[in-house]
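J.: Take this structure, written in structure tokens, and hold onto it; I'll ask about it next.
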Amino acid sequence: MPRILVIDDESGIRSVIQTVLQREGHSVRCANDGKAGLAAFEQNKPDLVITDIIMPEKEGIETIQTIRKLDPLIPIIAISGGGRAANADFLPLAAKFGATATLAKPFGAAALLDVVRSVLPASGH
Amino acid sequence: MSSGFDRAYSIGARALHPIGSLLQRVPPVRFVVVVTVAGILALSGLMAAILLRAHEEAIADAEHRTQDFVDVLAEHAVLVFDNVDRTLEEANTTRARLVRNGQWGPSAGDRPYRALLELQRSSAAVTNLSWTDEHGDRLYTALSRFPPPLNVAERPYFRAHSDSASHRIYIGQPTLSGLTGKYLVPVTRRFSLPDGGFGGVTTALVDPFYFSTYYQSMTRRQRLIIQLALRDGTVLAREPSLTSFAGSSQAELPLFTTHLPKAESGTYAGISGVDGVERIISYKAINKLPLVISVSMSRSAALAVWYEDAVALAAFYLPLIAMLVGCAWLLISQLRQRARRQRELEDAKERLAQAQKLQALGTLVGGIAHEINNALLPIMTFCEMLQEALPEDGFERDGVGQIMQSALQIERLIKRVRTFSREEQAAGTRLDLAEFVARLLKSLRAEVPKNIELVDQIDPDIGSVNATEEQLAQVFTDLVTNAAHAIGVEPGRIEISARASLDKAASTQAGDVSGPVDFVQLSVKDDGPGIPPIVRERLFEPFFTTKEAGSGVGLGLYTARRVVIELGGYLHVDSEPGRGACFSIYLPRAATHGDLLQPA
């Protein structure tokens, strides 16, 4: 059963993603920011990380960079609803700094599950 | 200079209280033009008045001088002819005595001749004396003991004396002497017999050169023309050009046709009938003699000093005017420059205000979009899950489907709003990065310590970003300041680079709508000691600092990253101990017009 770590500062988002993935049979752990996410990652390394970009304490891109240094192969999905600026689109930057795939909010359950399925087998985890 | 002008302008306006408010309403450039033109006109008017006055005075002075000369020369002529007249009287007295004493005629020998000679020599003006009998035959002449026969009965002076018992002298027209070949002026007296009858004429010949020589001392210095003439216009003596004029008639000239008939003396201006030159002419008819003395001065000679003064004044006036115009031109160009800078400043303020409004709008839109997207996620996700769980032909599934459609509609609306806001922001806050970095480097070079070399590598085609100069300048300055602090007092180097990032990062995963985006990469790299991992972990935390207390509160990098994120970018650090540090700012490249036409 793949273990998925979900990092997002919005509790509602965490809850939705957790529900969708658990229905699919995944084991899901949640963290509410990059710092907590890294702590959870080091404590119990998951098979997949889904992380938001704009978060307090530690930004998602920095979290991705740190995780990538700890594990160059682990799949990372970056999700984002865009920044406060109208032209803020961080998903391409997230990809540049190590995200395996990106997903723009809002997304449906099907889109989420498609992306998860596409990265999990390719990682070999 | 402009602040000094402002002060002077304000003081002048206050001082001239009654028209102070009017002055303050007048545009400065127009004021300067009006004042300059008024100054030039006033100065020119003053110059003209001075020159006109000086001109009038020069002419008046010339008139007075010619009048003074005329008076002096008239007296001279009277003295000369008085002397000649006394010589003639003496000659008559001597003849009468010689006759009484029987020392006359062929038996008298040369006694009469010697007496005439003695009398002639006693007068400087007389070149010859002679006696005639009542028939006009010349009896004796001082020029020769044995003169050739000569009869003067037909000459006007002989007839004047023979026809009249008057004992006044007669001044005749100059005649050409057969002996000397020169023009001589005959001055005659009647010789009366003891019974009062006409006994002949005593003639004294006067050489006009006697007068001309006297006149020369004046004409040369004063550039005058002096003329002694009979009242009928016959020239007796003239200087200069006596030879050409002696004996000639000037009866047609205005002096004799117009002025002399009206007044015995006077001054007038006119064109000379002799040489066509404009002259000032003073004249005087000599009392008791049929003579007129005239002195003329050319107008150009009268105004010679005035011309010199006018040139000197012009040499002062023209540079003054040029200086006035030059100063006014400089002042006007300064005022125009100031006005232009003022307009540019106001335009820039307006653009900045507009950019700030757009940015605020963009932030508002972005913030709302972000929150709405987050809120839509559970709606859309659970709608999908519910639709799968509900029976296909049930109204509940349809209802959930409609909820999903509404959520999608909201998502599309949010995208359109963000696209519109992105276009507006792109139009208002485009910052050319190559120009911005070049400008920033100029000020940074002055602030970086001398032990640090500041180099740059700027890609001229880097493009633009949607940001204001103030936002990026602060971020850059903080990064360079941190780099300089890291290097310390040792020799070091900071490299600033700006290039287009070729990573058009894109995801092809299902559901991803980010699309390819151009980025620019701005880096500040130093060769300092580098950042230990434990410090790098906390570098962007608020209030985290490695500096001494009092040297900073630890908000620089935190704020820098927040600013960059607000601009849709990311601030990244790459550093290892001993290998310096490289801070990179990634920003989305501003869309060109063509990009904006693409679907979002």
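J.: When the residues of the range B:468-501 are filtered to those that are of a type in the set (Val, Ile, Thr) and outside any strand (DSSP E or B), which remaining residue is farthest from B:ILE452 (Cα to Cα)?
T.: The residue in question is B:THR468.
J.: Say we look at the range B:365-386 and pick out the residues that are without any contact (Cβ under 8 Å) to a residue 24 or more places away in the chain and more than 27 Å from B:GLU566 (Cβ to Cβ); which of these is farthest from the other protein chains (Cβ to nearest Cβ)?
T.: B:LEU386
J.: Within 24 Å of B:ASP110 (Cα to Cα) and polar (S, T, N, Q) - does that describe any residue in the range B:134-145?
T.: There is at least one residue in the range B:134-145 that is within 24 Å of B:ASP110 (Cα to Cα) and polar (S, T, N, Q).
J.: Where in the range B:1-112 are there helices (runs of 4 or more DSSP H), lying wholly inside it, with at least 3 residues that are hydrophobic (A, V, I, L, M, F, W, C)?
T.: Helices (runs of 4 or more DSSP H) meeting the threshold: B:2-15, B:28-100.
J.: Additional query: Kindly indicate whether any position in the range B:444-461 is at pLDDT below 90, over 54 Å from the mean Cα position of the chain (by Cα), exposed (fewer than 15 other Cβ atoms within 10 Å of the Cβ) and not polar (S, T, N, Q).
T.: Within the range B:444-461 (the criterion being at pLDDT below 90, over 54 Å from the mean Cα position of the chain (by Cα), exposed (fewer than 15 other Cβ atoms within 10 Å of the Cβ) and not polar (S, T, N, Q)), the answer is no, since none of the residues qualifies.
J.: Within the group B:GLY247, B:GLY270, which residue is surrounded by fewer than 20 Cβ atoms within 10 Å (Cβ to Cβ) and in a strand (DSSP E or B)? Step through it out loud before you land on a result.
T.: On the way: B:GLY247 fails: in a strand (DSSP E or B).
After applying the criteria, what remains is B:GLY270.
J.: I've got another one for you. Only one residue in B:GLY578, B:GLY550, B:GLY530 is surrounded by fewer than 21 Cβ atoms within 10 Å (Cβ to Cβ) and modelled with pLDDT under 80, so which one is that?
T.: The unique qualifying residue is B:GLY550.
J.: Just checking, how many residues over the range B:462-480 are at pLDDT 90 or above and among the polar types (S, T, N, Q)?
T.: Residues that pass the stated criteria total 0.
J.: Which of the numbered conditions does B:MET218 fail, given that it passes all the others? Conditions: (1) under 19 Å from B:ASP61 (Cβ atoms); (2) modelled with pLDDT of 90 or more.
T.: Condition not satisfied by B:MET218: (2).
J.: Any residue at all in the range B:388-405 that is of a type in the set (Phe, Trp, Tyr) and under 57 Å from the mean Cα position of the chain (by Cα)?
T.: no
J.: While we're on this one: Would you confirm whether or not the range B:38-58 contains a residue that is over 18 Å from B:VAL305 (Cβ atoms), of a type in the set (A, V, I, L, M), touching a residue at least 24 places away in the same chain (Cβ under 8 Å) and out of contact with any Gly (no Cβ under 9 Å at 6 or more places or on another chain)?
T.: To start, the set of residues in the range B:38-58 that are over 18 Å from B:VAL305 (Cβ atoms) comprises B:38-46, B:48-49.
Now restrict to residues that are of a type in the set (A, V, I, L, M): B:38, B:40-43, B:46, B:48-49.
Remaining after also requiring touching a residue at least 24 places away in the same chain (Cβ under 8 Å): B:40, B:43.
Then keep just the ones that are out of contact with any Gly (no Cβ under 9 Å at 6 or more places or on another chain); that gives B:40, B:43.
Looking for residues that are over 18 Å from B:VAL305 (Cβ atoms), of a type in the set (A, V, I, L, M), touching a residue at least 24 places away in the same chain (Cβ under 8 Å) and out of contact with any Gly (no Cβ under 9 Å at 6 or more places or on another chain), one finds at least one in the range B:38-58, hence yes.
J.: Please go through the range B:198-226 and pick out each residue that is assigned to a strand (DSSP E or B) and farther than 18 Å from B:LYS182 by Cα.
T.: B:PHE198, B:GLY199, B:GLY200, B:VAL201, B:THR202, B:LEU224, B:ILE225, B:ILE226
J.: Which members of the range B:132-168 meet the condition of being in a loop (DSSP other than H, G, I, E, B), modelled with pLDDT of 90 or more and in contact with a helix residue (DSSP H, G or I) (Cβ under 6 Å, 6 or more places away or on another chain)?
T.: B:GLY136, B:ALA142, B:VAL152
J.: Let me ask another. Within the range B:253-265, is there a residue that is among the aromatic types (Phe, Trp, Tyr) and not in a helix (DSSP H, G or I)?
T.: The answer is no; no qualifying residue exists.
J.: Kindly establish whether B:LEU431 is closer than 30 Å to B:ALA484 by Cα, within 14 Å of another protein chain (Cβ to nearest Cβ) and at pLDDT 85 or above.
T.: The answer is yes for B:LEU431.
J.: Now a separate question. Quick check on this structure: which one of B:ARG155, B:ARG159, B:ARG231 is among the basic types (Lys, Arg) and under 58 Å from the mean Cα position of the chain (by Cα)?
T.: B:ARG231
J.: Can you find, within the range B:498-521, the residue that is surrounded by the fewest Cβ atoms within 10 Å (Cβ to Cβ) among those that are within 14 Å of another protein chain (Cβ to nearest Cβ) and modelled with pLDDT of 80 or more?
T.: B:ALA500
J.: Answer with yes or no whether B:LEU352 is more than 18 Å from A:VAL16 (Cβ to Cβ), part of a helix (DSSP H, G or I) and within 14 Å of chain A (Cβ to nearest Cβ).
T.: So B:LEU352 fails the test.
J.: Please work out if B:GLU264 is over 22 Å from B:GLN216 (Cα atoms), without any contact (Cβ under 8 Å) to a residue 24 or more places away in the chain and of a type in the set (D, E, K, R). Full working, then the answer.
T.: Working: over 22 Å from B:GLN216 (Cα atoms): yes; without any contact (Cβ under 8 Å) to a residue 24 or more places away in the chain: yes; of a type in the set (D, E, K, R): yes.
So B:GLU264 passes the test.
J.: Within the bounds of the range B:191-207, is there any residue that is within 54 Å of the chain's Cα centre (by Cα), free of Cβ contacts under 8 Å to residues at least 40 places away in the same chain and over 21 Å from B:LEU150 (Cβ atoms)? Break it down stepwise before answering.
T.: Step one: of the range B:191-207, the residues within 54 Å of the chain's Cα centre (by Cα) are none.
No.
J.: Right, another one. Only one of B:ALA353, B:ALA322 is among the small types (Gly, Ala, Ser) and at pLDDT 90 or above; which?
T.: One residue alone meets the criteria, B:ALA322.
J.: Let me confirm something: among A:GLY98, A:GLY34, A:GLY81, A:GLY12, which residue is in contact with a Gly (Cβ under 8 Å, 6 or more places away or on another chain) and free of Cβ contacts under 8 Å to residues at least 40 places away in the same chain?
T.: Working: A:GLY98 fails: in contact with a Gly (Cβ under 8 Å, 6 or more places away or on another chain); A:GLY81 fails: in contact with a Gly (Cβ under 8 Å, 6 or more places away or on another chain); A:GLY12 fails: in contact with a Gly (Cβ under 8 Å, 6 or more places away or on another chain).
Just one listed residue meets the conditions, A:GLY34.
The values are calculated or read from the model by the stated rules, or taken from the named source; none is laboratory data. Here the structure is a predicted model, which is why all the values come from computation and not from measurement. Positions of Cβ are generated from backbone atoms using ideal geometry, with glycine treated the same way; all protein chains shown enter the neighbour counts.
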